[in-house]
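Have a look at the structure below before the remarks.
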Amino acid sequence: MTMLLHACCGPCSMYPQSVLQYEGTVYDMFWFNPNIHPEFEWNRRLENLQMAADHYGVKLIREGRCLEDYWLSKDYLEEYGSRCAMCYDLRMDYTARYAAEHGYDSFTTTLLVSPYQQHEAIVETCEKKSLQYGVKFRYYDFREGFRKGQNMARDIGLYRQKYCGCIFSLEESEFRDKILKSFES
């Protein structure tokens, strides 16, 4: 059987992929990240994730599109309470459902590599979606390899972003002006 590895970007996929390859796990990588904005950034991260998939010789499945208008509307706040909770739920729901519908025996996510993400909230969301869709969530605490993965990404020339992806984190980033300038080139 095959695992579905949800991936948020190329750099964050490097260490988790090295772990999965080392343990002999057969997996496909999965791109579903409607949270990433603006669209130019969405495309840039997808392109770099494809480079990471090619580096490891794995299939990359692409789903969804950039949904900046949904984030800006803040319609999700009543249901979820926070943009991060909504973001985790939206992406892990789609991932677990896709895994179940396409015959994968399990799923996990590269979100578990970042020390900047809400690790326990991600795990809780994945466990909930695992039960809902009847597909196993394979938990990994990839955080110990975060810096190693970033170095691996640098070594193969991947773009390493300076914010999580949503428009709000871009506005909050200390690198905001530099990031916006990079969209112009």
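Observations, loosely collected:
- Selection within the stretch 136-145 - surrounded by fewer than 20 Cβ atoms within 10 Å (Cβ to Cβ), closer than 15 Å to P11 by Cα, touching a residue at least 12 places away in the same chain (Cβ under 8 Å) and not basic (K, R): G145
- Residue within the stretch 7-14 that is among the aliphatic types (A, V, I, L, M), in a loop (DSSP other than H, G, I, E, B) and either buried (at least 22 other Cβ atoms within 10 Å of the Cβ) or within 13 Å of the chain's Cα centre (by Cα) (or both) present: yes
- Subset of the stretch 115-145 that is polar (S, T, N, Q) and part of a loop (DSSP other than H, G, I, E, B) - its residue that is nearest to the chain's Cα centre (by Cα): Q117
- Pick from the stretch 47-81, criterion under 21 Å from T125 (Cα atoms) and part of a helix (DSSP H, G or I), ranking: modelled with the lowest pLDDT: W71
- Of all residues in the stretch 105-135, those that are aliphatic (A, V, I, L, M) and exposed (fewer than 15 other Cβ atoms within 10 Å of the Cβ) total 1.
- Here K148 passes the criteria (1) at pLDDT 70 or above; (2) part of a loop (DSSP other than H, G, I, E, B); (3) surrounded by fewer than 16 Cβ atoms within 10 Å (Cβ to Cβ) except the one numbered (2).
- Test: residue in the stretch 82-92 that is among the aromatic types (F, W, Y), at pLDDT below 95 and not in a helix (DSSP H, G or I): no
The values are calculated or read from the model by the stated rules, or taken from the named source; none is laboratory data. Note that the structure is predicted; figures quoted are calculated from it, not measured. So basically every Cβ, Gly included, is an ideal-geometry build from the backbone, and we count neighbours across all protein chains shown.
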